[in-house]
Amino acid sequence: TFDINSNNVGPTGATALAEMLKINTTLQKFYISGNNVGPTGATALAEMLKINNTLQKFWIHGSKIGDAGGKVVLDALKVNSTLT
């Protein structure tokens, strides 16, 4: 479990975390709620969700991703088969 809730993570930090999680083979729970991820960070995380096949839980609520960020995350969830 990686819980980074409410740590003022912005788009740059979210993008760096997304890059790390693209190659993740062990982490199953990632909590990034209550941050300032924004649409740019949400896009990076969505791209990660399309690739990552290890995460089972992903929480991003309250991270200021907006409608555009929400749409890209939802689209990524259509192809992710491991999140429950």
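The values are calculated or read from the model by the stated rules, or taken from the named source; none is laboratory data. Note that the structure is predicted; figures quoted are calculated from it, not measured. Positions of Cβ are backbone-derived with ideal geometry, glycine not excepted, and every protein chain shown enters the neighbour counts. The accessibility values were calculated without ligands, DNA or RNA, using every heavy atom of the protein model including side chains. Shrake-Rupley method; radii C 1.70, N 1.55, O 1.52, S 1.80 Å.
Worth pointing out:
- Spatially proximal lysines relative to residue 50 (Cα-Cα < 17 Å; intrachain offsets below 8 disregarded): 22, 29, 71, 78
- Around residue 29: net Lys/Arg minus Asp/Glu count, Cβ-Cβ under 14 Å: 0
- For a label point 7 Å along the Cα-to-beta-carbon line of residue 68, residues of segment 1-29 with backbone N under 15 Å: 11-12
- Averaging over all projection directions, the Cα-based convex hull of segment 1-45 occupies 2.7 nm² in the image plane.
- Of all accessible heavy-atom area on the chain, the percent that carbon and sulfur account for (1.4 Å): 56 percent
- Packing-based order for 25-34, 73-82, using average beta carbon neighbours within 10 Å, highest first: 25-34, 73-82
- Charge dipole (the chain, unit charges on Cβ, about Cα centre) - positive-most of 15, 54, 37: 54
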